[in-house]
């Protein structure tokens, strides 16, 4: 087999990002030789600590290198301040905009493990597809005096466009088709895309998202996929009550963020849940957890979300065989339950979990 070399950017960011991104690099370096893959790496800066040192959270060099040199990247975590800091904006949000990483894809799947008892008896295997570039995350806010004289008023712009709604629904349909095809040998379950919105209240913004997503999913290539809708508040209720029903959930930015973090509670921990930021020319794997300053430097961060994010990145780089080898190694680690990190009730270090997965890889 002819070898293929891919250039991967490594952006640890803040906190435990600096501990788990090196684990992702080692996974790529240890993929089976039979896959014919080689990787070169470039270290890149971003994050709140970068902002404190340089005055920018996302250096131009990082963006340019990703645009011009990289096939993919791994992004760790960001320690964003809870109060406004002049000049600071989230680098991952900015990166999504600058590189047009329009889709945040978050798989949530249960794995049999003695380390974790799911709050639901049903196996979960779903993907949340979150629009990544607009909604309230355009971060256009203002605060001004209340004309009544009673304090202040804060406002935020919620922006929804036909273009962004169409392309996020389109990729959700493509993911549903791919998952349906993968199930053909073992299940007759039809692909389902659930459009999540609040158009009963936000008739223009969420109404546009709903109608445009409907149009996109009505394309002929998606005729084998079932399409349904769910109001976001009842979606939260049903997601926790019957998560085994769902296949692919597509949502605007804010709802997708909330739903995917909630779904993580059903499958073990945020330390297990991966994601990928997908654009036209690049894909960036990103664990769903934060920078976790309370455990930074202790060597106990769960690397599995990052390792699974490596798998999702490989999947969107059209390398399904490599992705599956990563997923299977992680599943074996969890099923065996010998090396389990503290977030799942175990005592294993980051390095011990990584080494066990490397052996299974």
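Where a number appears in this text, it was derived from the coordinates with a stated rule and is not lab data. Computed from a predicted model, the values in this text were never measured in an experiment. Neighbour counts are summed over all protein chains in view; Cβ atoms, including those assigned to glycine, are modelled from backbone coordinates with ideal geometry.
Quick notes on this structure:
- Residues of region 285-304 with amide N under 12 Å of a point placed 7 Å along Cα→Cβ from residue 54: none
- By the Kirkwood approach, averaging reciprocal distances over each pair of separate Cα atoms, region 182-237 gets a hydrodynamic radius of 12.6 Å.
- Inverting the pair-averaged 1/r between distinct Cα atoms of region 220-361 gives 16.7 Å as its Kirkwood hydrodynamic radius.
- Region 1-144: antiparallel DSSP beta bridges as a percent of all, rounded to 5: 35 percent
- Ranking of 235, 313 by count of other Cβ atoms within 10 Å, fewest first: 235, 313
- CD proxy at 222 nm, helix term only [per DSSP H run n ≥ 4: -39500 (n - 2.57); per residue of the chain; nearest 500]: -12000 deg cm²/dmol
- Under the Debye formula (equal points on every Cα, no solvent term), log10 I(q)/I(0) of region 1-134 at q = 0.12 Å⁻¹: -0.63
- DSSP-defined beta bridges in region 167-311 - what % are antiparallel, rounded to 5: 25 percent
- Largest first, the extents of the alpha carbon coordinates of region 143-184 on the three principal axes equal 64, 20, 11 Å.
- Length-normalised contact order of the chain in % [C-alpha pairs under 8 Å, at least 6 apart]: 22 percent
- Antiparallel content of DSSP bridges confined to the chain, in %, to 5: 40 percent
- Bins of 5 Å from zero: percent of alpha-carbon pairs in region 115-181: 3, 12, 13, 12, 11, 12, 11, 10, 7, 5, 3, 1, 0
- Per-q log10 I(q)/I(0), region 110-234, q = 0.15, 0.17 Å⁻¹ (Debye; single scatterer per alpha-carbon; no solvent): -0.84, -0.96
- Sorted from greatest to least, the principal axis extents spanned by the alpha carbons of the chain come out as 65, 54, 42 Å.
- For region 199-282, the fraction of alpha-carbon pairs in successive 5 Å shells from zero, as %: 3, 10, 20, 22, 21, 15, 7, 1
- Note on region 23-84: Cα convex hull, mean projected area over all directions, 5.5 nm².
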